[in-house]
Amino acid sequence: MEHKQLGDDEAISNGRKLFSESKAKCSIEESIGQVLTTNYIIVERILNGLSISDLNTCALVCKLWNIVSQTIKKKRHDIFWMFQVAEYSDGDDDIFIDAHINSTDDKQNYVCSRNVGVGAHFYKILHEAPAEPKFGLLFCNDRFFFKPHQYFLAFDVFNNLHHRKNKRIRTENVQMNHSGRMQYNTPVMNFLAKSFPRSCYLFACAVPGIVGTPVDWLAPIEAEEYPGFSGVFLPDIPGVNVYPFTVTEHNQFLASLNKRSKHKVQKMEISQVTGIPNDAEVKCLLLFFMEVLEQDCPIQTLVEHYLVKQEKNIALGGAIVHELGFPFRVGNESRAIGGGVAFSGENVQAASVIIEKHVKTIKELEIKLKKLKECNIPGKKCLGFMFACCGRGALFYQKSNVEATAFHKVFPNVPLFGVFGNGELGINYLPKQTKEKTKVNSTIKGISGRTWLHAYTTVFVLLSFEN
């Protein structure tokens, strides 16, 4: 009996000890939990290194974490991008180049993965994004743009095509989307938009070939015939205003300034289409259209308007493309013929240069690009855009990746994006540090003379958002 009593006493003692330890542990956990839900500084240090995707998840934990997450997101102004192309095949089993290229003197060794990798790459970049995008500009090869289901295995072709047919019968009274998410004119755009914030405006072009920079900062790549995409995504940046827009064939109120004096055209008419305030100083205009411009085309008037308004002190670039992807307006069934994006603001600096068709050597090319370098555009938050004729490239130089490599040599820390199109848009705008305005004729005819539309050329645009 005594042995049994000793055993009971020992069990009770052990139980009390375990109870005390558990109580202490719970007390510590409660203290930690209290700190993590009340101490702003500690929570900020914990969350500060997370991506935007992880911050959005953490914002759901509690009120403090939501406040800290939103504060951190507002401080993030990092630009990010993505790029991926594939080796072309007749079947559906294209092989995607895994976001980088190893270049030697005359040989390029691509590192490839199966086409299932494009979706993984896309979502990986978005998950690791440092800032929340507000605008995305995507350049897609035709094959990728029109057959995205071959590269995104989760793409529901039937449902998206069904949605595209139904959208035509929408009325003005039908809301865009109950969730507030923008609706787009093509299935691929609606599919991609699901991965972006509701407020993010996406604009895409379908073109014969694309130009992009791998995420690991290797040299940019000219993918003239390979299926794939490249895209650059901008968050809210202090001192930078971004105005994406589309132009439809029914915007006839913009037609021909040659038929009526520019003084009789109300400035509000331009701003109603572009959304650009009348008092905004547009420093860079990137424009894409789907057909060769006829006389008195609305897009022609749009370009001429800003050339006059800015007295040709504006960087200009763009191309003729096969198709556009953009948010549609409810009840607006007119066909879009073009669109683009304008940049203004005190922290925006830009320049553009034309590589004429007579420039055929690497030496001549580098001389032109060094003129762009001499503009001293800040390189901290800087992007390069390349709009090349599909008649240039490998066939023109008898060697691939010539112009993109030359740009990288002159601007080693600036990512490059662009297209091979059926025509190029641009002017030579090489601003000096004095930033003096150039006097120009007050009439449209004679200012540009359509010299902003080219063939067999390449237009480079340098755009900086340094603050």
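Each row is one residue, and each column tells you yes or no for (1) at pLDDT 50 or above; (2) touching a helix residue (DSSP H, G or I) at 6+ places or on another chain (Cβ under 7 Å); (3) exposed (fewer than 13 other Cβ atoms within 10 Å of the Cβ).
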{"residue": "LEU138", "(1), (2), (3)": "yes, no, no"}
{"residue": "PRO148", "(1), (2), (3)": "yes, yes, no"}
{"residue": "TYR151", "(1), (2), (3)": "yes, yes, no"}
{"residue": "ASP156", "(1), (2), (3)": "yes, no, no"}
{"residue": "LEU161", "(1), (2), (3)": "no, yes, yes"}
{"residue": "ILE169", "(1), (2), (3)": "no, no, yes"}
{"residue": "HIS178", "(1), (2), (3)": "no, no, yes"}
{"residue": "PRO187", "(1), (2), (3)": "yes, yes, no"}
{"residue": "LYS194", "(1), (2), (3)": "yes, no, yes"}
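So is PHE229 out of contact with any His (no Cβ under 6 Å at 6 or more places or on another chain), modelled with pLDDT under 80 and not in a loop (DSSP other than H, G, I, E, B) or not? So PHE229 fails the test. The strands (runs of 3 or more DSSP E) found wholly in region 59-122 and carrying at least 3 residues that are of a type in the set (A, V, I, L, M) and either at pLDDT 70 or above or crowded, with 18+ Cβ neighbours inside 10 Å (or both) occupy 80-87, 95-103. For ALA206, the conditions (1) part of a strand (DSSP E or B); (2) among the hydrophobic types (A, V, I, L, M, F, W, C); (3) within 29 Å of ILE72 (Cα to Cα) are fulfilled apart from (3).
Residues of region 279-299 that are at pLDDT 80 or above and within 25 Å of the chain's Cα centre (by Cα): ALA280, GLU281, VAL282, LYS283, CYS284, LEU285, LEU286, LEU287, PHE288, PHE289, MET290. Close contacts from region 349-367, counting a first residue that is surrounded by fewer than 18 Cβ atoms within 10 Å (Cβ to Cβ) and a second that is among the hydroxyl-bearing types (Ser, Thr, Tyr), with Cβ to Cβ under 6 Å and a gap of 6+ residues or different chains, come to GLU356/THR457; LYS357/TYR456; LYS357/THR457. If the condition is being of a type outside the set (A, V, I, L, M, F, W, C) and either under 16 Å from HIS77 (Cα atoms) or outside any helix (DSSP H, G or I) (or both), then region 42-55 contributes ASN48, GLY49, SER51, SER53.
The values are calculated or read from the model by the stated rules, or taken from the named source; none is laboratory data. Bear in mind that the values here come from a model prediction, so they are computed numbers and not experimental data. Neighbour counts are summed over all protein chains in view; Cβ atoms, including those assigned to glycine, are modelled from backbone coordinates with ideal geometry.
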